[in-house]
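This report concerns only the one structure given below.
What follows is calculated from the coordinates using simple rules that are stated; it is not laboratory data. Computed from a predicted structure; not experimentally measured. Positions of Cβ are generated from backbone atoms using ideal geometry, with glycine treated the same way; all protein chains shown enter the neighbour counts.
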Amino acid sequence: MNQRKKQPLLTRAALLDAAGEEFSNLGYAGTGLGSVVTRAGLTKGALFHHFPDKRGLAQAWIDERLAQAIAGLWLSPLEQADSLDTLRQLCRQRFSELAPGDPTVALSALAAASGTPDHPLSAGLERIFTAWRAAVADLLERGKSAGQIHRSIKPAAEAAFFVALIAGVSITANAPRSAETRRACLNSLEDYLETLRCQPA
């Protein structure tokens, strides 16, 4: 691809990168298009050439960038996980990384701020959560088949609870004493995961 054809793609990518920084740190309501173009080093004309408005920019970032980030952080590792122990290790790693701007934090904060199903960002955010819950449920189903997880466990219900818990803890990343809160939540999460394990007779 020659430079002339590549430039629009680079401009769009720069806008999405800048939007991601703004949405992740300031939320949807707190982000202005002026701050996005300033961060990107571009003009509003360039932004409106690629996106119709702030809503369109946010939806593109959620679908193209945030979804990919969550897939890398959670979905792919969950697909490769083979036990509750692997899931526990993944949780420990992700909890240690939670900080303002982290994709898990951004997803959870945006979802909390969206509030209602008719919010312009709700559909895109829910697609990410649906895929995340499905990945957890699949792991639990594999665990049941392998005899590692108690057969009475309902994977879909447990997955919904697990993802909601992670999302709730993620929102505390900006709060004072958040590291202490995360440690306490991680300990409780590990205790909860143990209740799913099939105990030897």
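Quick look at the numbers
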| read-out | value |
| --- | --- |
| MRE, 222 nm, helices only [DSSP H, n ≥ 4, -39500 (n - 2.57), over the chain, to nearest 500] | -23000 deg cm²/dmol |
| Distance in nm between pseudo-label sites at E126 and A13 (7 Å out along the Cβ direction from Cα) | 3.3 nm |
| Distance (nanometres) between label positions extended 7 Å along Cα→Cβ at E97 and E79 | 1.6 nm |
| Cα→Cβ-extended label distance, 7 Å offset, between R88 and R151, nm | 2.4 nm |
| Long-range amide H partners of C198 with built H, under 5 Å | I149, H150 |
| Over the chain, relative contact order from alpha-carbon pairs under 8 Å, at least 6 apart, % | 22 percent |
| Where Rh is the Kirkwood radius over Cα pairs, Rg/Rh for region 53-196 | 0.98 |
| Relative contact order for region 1-51, counting Cα pairs under 8 Å that sit 6 or more residues apart, in percent | 37 percent |
